[in-house]
Amino acid sequence: MDSLTGWDVGVLIAAGYVSVVTLIRLMKACRNAVLVKLQQQVAMEQERKQVERWRAQTSEAAKRTQRN
């Protein structure tokens with residue numbers, strides 16, 4: 001291989017482009033999966049805190065009624 005012809009350069013550029021586009025798509029898919037997982041964790045944590053607050057309120061109300 002003495003030197004690269006125009007076709008060789010074109011094929012290398014096309015292969016590089018396909019590689020970069022594929023890598024970007026994979027990274028986007030991975031990022032979206034991580035975001036979905038984090039959103040689910042946040043929703044679960046918010047629900048847990050809400051249940052915790054509700055339990056604290058009901059136990060406080062029960063203590064008040066027992067005192068009276």
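Per-structure values
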read-out	value
Assigned charges on the beta-carbon of Lys, Arg, Asp, Glu; the chain dipole about Cα centre (debye)	940
Anchor residue 28: lysines whose Cα lies under 17 Å away (excluding residues fewer than 8 positions away in-chain)	37
Fewest-first sequence of 3, 59 by Cβ atoms within 10 Å of each Cβ	3, 59
Cα lying deepest toward the dipole's positive end in the chain, options 65, 38, 18, charges on Cβ	65
Whole-number Å³ per residue for the convex hull built on Cα positions in the chain	58
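Values quoted throughout were computed directly from the atomic coordinates according to the rules given, and no laboratory measurement underlies them. Not measured: the values here are computed from a predicted model. Positions of Cβ are backbone-derived with ideal geometry, glycine not excepted, and every protein chain shown enters the neighbour counts.
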